1. Restricting to segment A:16-33, and then to whatever is assigned to a loop (DSSP other than H, G, I, E, B) and more than 7 Å from every other protein chain (Cβ to nearest Cβ), can you tell me which residue is surrounded by the fewest Cβ atoms within 10 Å (Cβ to Cβ)?
2. Conditions first: (1) modelled with pLDDT of 95 or more; (2) away from chain B (no Cβ under 12 Å). Residue A:80 passes all but one, so which condition is the exception?
3. Select from segment A:109-129 the residues that are touching a helix residue (DSSP H, G or I) at 6+ places or on another chain (Cβ under 8 Å) and within 10 Å of chain B (Cβ to nearest Cβ) and write down the one among them that is nearest to residue B:404 (Cα to Cα).
4. Which of (1) in contact (Cβ under 8 Å) with a residue 60 or more places away in the chain; (2) within 13 Å of another protein chain (Cβ to nearest Cβ); (3) more than 25 Å from the chain's Cα centre (by Cα) is the odd one out, the single condition residue B:232 does not satisfy?
5. Considering segment B:683-696 alone, what residues qualify as being in a loop (DSSP other than H, G, I, E, B) and buried (at least 17 other Cβ atoms within 10 Å of the Cβ)?
6. Among the listed residues B:195, B:255, which satisfies the condition of being in the same structural domain as residue B:280 (by TED's automatic domain parsing) and farther than 30 Å from residue B:481 by Cβ?
7. Condition test on residue A:117, is it surrounded by fewer than 19 Cβ atoms within 10 Å (Cβ to Cβ), assigned by TED's automatic domain parsing to the domain that holds residue A:10 and farther than 25 Å from residue B:680 by Cβ?
8. Return only the number of the condition from (1) closer than 29 Å to residue B:648 by Cα; (2) within 14 Å of chain A (Cβ to nearest Cβ); (3) not in a loop (DSSP other than H, G, I, E, B) that residue B:449 does not satisfy.
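The values are calculated or read from the model by the stated rules, or taken from the named source; none is laboratory data. Model, not experiment: these values are computed from the prediction. We place every Cβ from the backbone using ideal geometry, glycine too, and count neighbours over all the protein chains shown.
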C-alpha cells in the first residue's frame, strides 16, 4: 500500500509499485487531466508537480511517490482564489488548439515562473521543453509573459 | 444555378431527409424532430433554448483543434440572432439513418478533412440558425395575432409590432409548428455581429482546468484495457506466440491473435498482432512486454529507405506515366535559351498527433457502442460494422474532442481493432496505442523524388515546365484503385503553374514500398509547395532575377483560372501575388543584411485558400540555423472565426517548419526505425522566434478552409532564406545537419 497526497487529499494505491504515477492518476484516481503523450519523458503532456517541482509523471514509479505530495491540473485552481494566473493567461491568449498538451504546458509554466518570475524569451526557450504538436508556441510564450505580469500584480496588490 | 445555391438546396434536402428518417413519414421537419429527441426545449437537432434564455448549440463535426466547435455554432448563433455570450456548445454523435436508398445523414455530413469542416457547413449551419429563428418569429406572430412580416428579432427576443417575447418563452410553441417548404432568408454579410468577430475557443476554460474529455480519457462501466503487440516488420504476420509470462502479470485477463490484412489488400487495420486485455493500461502494457512472439517472414522484409531512393532515381531515368501534357513541352525545351534541371527529395513523415490512437468499443449481440477521437465518424461506423457484422444503424458512434488530427484520424483502423477485441472478449474495452505503436504504425505522408525542369527564354520568362515524380502514392492499397490512378493523390494537375506556363508536362512513377501511406495535413501540397517554390527560387537566381519579382511576373494580375482539383472551381494567382507583396513588405524584403543573414519568400494555393510566408534567418559559420523572424499571411476569403484562422496559420507554419527542420521516417530491413520523440524530434518552443506575425487579408464574402493553408509555403520560405543567407540550396528534406560542415 503506497500513500501519498494528490491535490491535498490523501490517497492510497495498492497495485504494483512500478506503475507510473501517470497511470495511477489516470486509471485509478480518474484524474484524466494529466495526459499520456509518449511514455518516455520526451513530450511533457504528463507534467505534474511532485513536492512542488514539475515532473514527468510517466517516468515516476508510484513507489517513488510514497509520502510525497502531487499537484495535478485539477488541483491548480482553487475555489478560494479561482484560476491560477497561468491558467488565466492561457485563457486571455486563447492558447489551446487541440488542447491535449496544455495541462502539461501549464504545469511546466507554473513551476518555471516560480523559478523565473520575470523571464526573458531566452529563459523561456531554454526551460520550456514541452511539445505542442499543434504549434501553439507563439501563444505559449506570450502567455508565460502575461502570467508573469498577473502574478507580479497579484503579489503587489 | 450558382454553386452556392445548389449547396443550399442540397443541404436543405438533407435537413428534410433527417425528418423522414427519424419520424418515418415525409417532410415533417422541425417539430417531429423535436418529438423524436424527446426534449421540448429543442428546435430541431441543433438548437436548444432554455427558459432562462441560455442557448445550447449542437456541433456536428469532430473538433481536432481547428476550431469548428466554435466556428460552426457562431454561424448558427448569427442567424438565430442570439448573444454569443449566452451560447454553450454540445458535441453531437454521428447521425446516420437508413433510408430506402441506403444511409443518409441525420445531422448533415460529418467529417473533417481537406479543410472542408467550415466550408461544407457554411450554408447548412446558417440555415439551421435561420430556420430556428423563423420558427420563433412564426410562434410569436401566432401568439400575438400579428402578421409574420410585422415581426423581427433582436438577440434572444422576437419583436412584433411593439410587443416583445423572449425566445425562451416561445420555444415550446415554436417546436410544434410545421416547417415551411421554402428555405429561410439569410442575413446580409453587412449585418453580421458574430461572424468575423474575435471569439475564444469555446472549450478553453475546460481545457486549461483539465476537465475536457478526449478519447484517451474514456472510462465506462466494467471497461477493460487493451493494447496490441503489432508486427515490427511491415506486413509480417503472427506465426505463434507464448503468453505464459504475460498471463502471470497481475491484471492480465486475456491474450489472443489479431488478424492483419493480406499483403497488397486494402487496410482494415494496419498490422497483424497479439492483443493483451487487462484491468488497467499499465497491466496491459506489462503483459505485452512479457509476450514472446514468432513472426512469419514478411514480403517487405527487404524494404529500406536506401532501396526506395535508389529505385526512385532509377525510375526517373526511364519514361513514366505522362499525366498532363499541355502545349508543346519538348519543342519549348528545345527552343529555350536556358534549361534548368534540379532534383528534390521529400521524405516519408508521420502524423504524430499528441494523443496516441485509442478507441472505446462495446460490442454486444445486437449493437455496438464506439467512443472515439476521429476525423471521420462515418468511417468509424463502417469499420465497426465490417468487424462486427452489425447493421450500421445499430452502431452508435460518440465523438470526443480529438488530441490532434493532421489527417491521421481520417482512417479508423484503431476502431476496427477495438471492435475486434470487444467482439472477441464480449467486454467493453478501451484500446490504447503507445507512442511507439503510433510512430511505427501510421499512414505516412508519402516520400518522393522530384525532378524539375524548366526552359526559359532570353527575357528570363518560363516557357516550359515539367515535374517528374517518383513516389509511394497515398492511394497505394486503397480499395478499387487502379494503378493508372495512383498519381492523382500526388500531383494535382491544375496547381501552379498550370495555365500560367503554356508548355507543361507532369510525369509519374510509382514506388510500391510496403509502407502504409495516407493523408497528412495539406496532402501533396505540403510536398509540392516546397518543390515548386524552391525551384522557382533557383530559376530566379540562375537567371539573375529577383525572386520576388520573378514570382510576380509568373503569377500576374488577379484573375480566375479554371481549377478542377479539390479547392476549385477556380484559382486566382493574383491573390498569391497580393500576399507575397504583403509579406515581403512587412519583413523588409530587399534591405541590406549582414553576412550569414537572409530572407526567403514563398506562396502557395491550397484547397481553395491562399497563403504566403517571408522568413528571415541567420546561419553561423558553424552552420547553426536561427529563425529570426516569420511573417505569415493568409487569404481565406471571409474569416468567420479570425482567432482560429490566426491560430491555424501559426500552427500550420510551425508544423511546416518543424517537419522541414528535422522529421523523417526511415525503413531498414522492413522496419520503421523511428519510435518516439527522441528520434522523431518535433520542434520545441525554442525554434519559434518571438518575432512571429500572422496576418489575415480579407478578399470576398465566401470563406475558405484554413487548417492546411498555412503549411505548404513555410518550408520553402525557410530554405529560400537559408540560400539567401549562405548560398547553400537545401534540396533534400529534412534539413537536419546539412548546414553543418
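1. So, considering only residues that are assigned to a loop (DSSP other than H, G, I, E, B) and more than 7 Å from every other protein chain (Cβ to nearest Cβ), the one surrounded by the fewest Cβ atoms within 10 Å (Cβ to Cβ) is A:18.
2. So residue A:80 meets the others, but not (1).
3. A:129
4. Failing condition for residue B:232: (2).
5. B:683, B:684, B:688, B:689
6. Residue meeting the stated conditions: B:255.
7. Details: surrounded by fewer than 19 Cβ atoms within 10 Å (Cβ to Cβ): yes; assigned by TED's automatic domain parsing to the domain that holds residue A:10: no; farther than 25 Å from residue B:680 by Cβ: yes.
Against the criterion (surrounded by fewer than 19 Cβ atoms within 10 Å (Cβ to Cβ), assigned by TED's automatic domain parsing to the domain that holds residue A:10 and farther than 25 Å from residue B:680 by Cβ), residue A:117 does not qualify.
8. Looking at each condition in turn, residue B:449 falls short on (2).
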